[in-house]
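**Q** Take this structure, written in structure tokens, and hold onto it; I'll ask about it next.
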Amino acid sequence: MTLPLSPDKIPQHIAIIMDGNGRWAQSRGLPRLAGHRAGTENLRRIITACVEFGIKYLTIYAFSTENWGRPKSEVRGLMRILEDVIDRELDELHKQGVQLRHIGRLEHLKPSLQKKVRKAIEITQHNDRLVLNVAFNYGGRDEIVHAVQGIIADRVPAEEVTPELISRYLYTAGTPDPDLIIRTSGELRISNFLIWQSAYSEWYVTPTYWPDFNEEELRKALEEFARRDRRFGKIYTPS
Ligand code: IPE
Ligand code: IPE
Ligand code: MG
């Protein structure tokens, strides 16, 4: 039997680098896109589990600014998958109280896909059980460039530029920094994900490929997080 997790040890914000879809497919002799489809189906159960665990913010890395460098057919397939997911899952996510947000640049995507994403954001904007940030065409450096451009365009005086102000110009404005970042498939790198926001995030890496990362795996990550001692650069003096 598994013990319930103490609510005060549950992270408020989890971010996931959903990696390993291609290797998952390859290991089964399937095309890479089959791995991406399986990964998307997996997302459904992880979102539901996050709602049940009482997590308030979930950020998922679905397509990076560097992923445009993959073969055209894979890029096209990933765009189609996002479109299908919105068509298929929007009603259910809305019913579950999920508020959808997008982080990254929408403008390079197909106009019909942009429209779909905007509509999904609008429909779910008042939901408050879970905020789901979908990082699609997202890059951490691009986000910082975009923020600096905004700050300059608004003619913010130099002395008013603080870490808090920069946070307000990022795509994630209004979302607290991630407490826990999970990366599946064993890679030990950040791959341009939330580079500003992850300054004090706890990391959890599992060798499991994303399509196999289930509720049990999520629970393991949460249990590990509950055991971490977050010091934020300070030391504890006995009181
Ligand atoms: C993650 O899986 C999904 C995206 C990057 C879109 P990968 O496609 O990177 O899978 P691997 O890392 O090649 O196994
Ligand atoms: C990071 O995975 C991006 C997403 C999960 C969307 P990648 O597979 O693109 O990252 P690298 O190439 O291993 O660093
Ligand atoms: Mg990968």
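The values are calculated or read from the model by the stated rules, or taken from the named source; none is laboratory data. Since the structure is predicted, the reported quantities are computational estimates derived from the model, not experimental observations. Ideal geometry is used to build each Cβ from the backbone, glycine not excepted, and the neighbour counts take in all protein chains shown. The accessibility values were calculated without ligands, DNA or RNA, using every heavy atom of the protein model including side chains. Shrake-Rupley method; radii C 1.70, N 1.55, O 1.52, S 1.80 Å.
**Q** Determine the calculated [θ] at 222 nm for the chain from helices alone, applying -39500 (n - 2.57) to every DSSP H run no shorter than 4 residues and normalising by the residue count; nearest 500 deg cm²/dmol.
**A** -13500 deg cm²/dmol
**Q** Determine the shape class of segment 182-239: with a ≥ b ≥ c the square roots of the Cα gyration tensor eigenvalues, call it rounded for a/c under 1.5, and otherwise prolate if a/b is greater than b/c, oblate otherwise.
**A** Cα axes put segment 182-239 in the oblate bin.
**Q** Further question on the same structure: Among 65, 175, what's the order by accessible area (1.4 angstrom probe), most exposed first?
**A** Accessible-area ranking of 65, 175, largest first: 65, 175.
**Q** Right, another one. Which value, in Å², gives the accessible area per residue of segment 33-147 when a 1.4 Å probe is used on the protein heavy atoms?
**A** With all protein chains present, segment 33-147 gives 49 Å² per residue.
**Q** Carbon and sulfur together cover what percent of the accessible area of the chain at a 1.4 Å probe radius?
**A** Result for the chain: 53 percent of the exposed heavy-atom area is carbon or sulfur.
**Q** Rolling a 1.4 angstrom probe over the protein chains, ignoring ligands and nucleic acids, what is the accessible area of residue 94 in square angstrom, nearest 10?
**A** The accessible area of residue 94 comes to roughly 70 Å².
**Q** Can you bin segment 50-163 into rounded, prolate or oblate? Criterion: square roots of the alpha carbon gyration tensor eigenvalues sorted a ≥ b ≥ c, rounded for a/c under 1.5, prolate for a/b above b/c, oblate for the rest.
**A** Here segment 50-163 falls in the oblate category.
**Q** With the convex hull built on the Cα atoms of segment 23-78, state its orientation-averaged projected area in nm².
**A** So the mean shadow area of the Cα hull is 4.7 nm².
**Q** Viscosity 1.567 mPa s, temperature 4 °C: what is the translational diffusion coefficient of segment 130-239 from Stokes-Einstein with a Kirkwood Rh over Cα pairs, rounded to a whole number of µm²/s?
**A** Rounded, D is 79 µm²/s.
**Q** Also, quick follow-up: Using a 1.4 Å probe on the protein heavy atoms only, what accessible surface does residue 27 show? Give it in Å² to the nearest 10.
**A** Looks like 80 Å² after rounding.
**Q** Using only protein heavy atoms and a 1.4 Å probe, report how much of residue 66 is accessible, in Å² to the nearest 10.
**A** 100
**Q** Which order do 81, 123 take when ranked by solvent-accessible area (1.4 Å probe, heavy atoms of all protein chains), largest first?
**A** 123, 81
**Q** Another question, if that's okay. Checking the cross-link filter: which aspartates and glutamates have an alpha carbon closer than 17 Å to that of residue 95, excluding same-chain neighbours under 8 positions apart?
**A** 52, 87, 122, 128
**Q** Using the Cα centre of the chain as origin and beta-carbon charges of +1 (Lys, Arg) and -1 (Asp, Glu), tell me which of 169, 225, 20 is placed farthest towards the positive end of the dipole.
**A** 20
**Q** With a/c under 1.5 counting as rounded, go ahead and sort segment 67-128 into rounded, prolate or oblate using the C-alpha gyration tensor (a ≥ b ≥ c being the square roots of the eigenvalues; past the cut-off, prolate if a/b is larger than b/c, else oblate).
**A** In terms of gyration-tensor shape, prolate.
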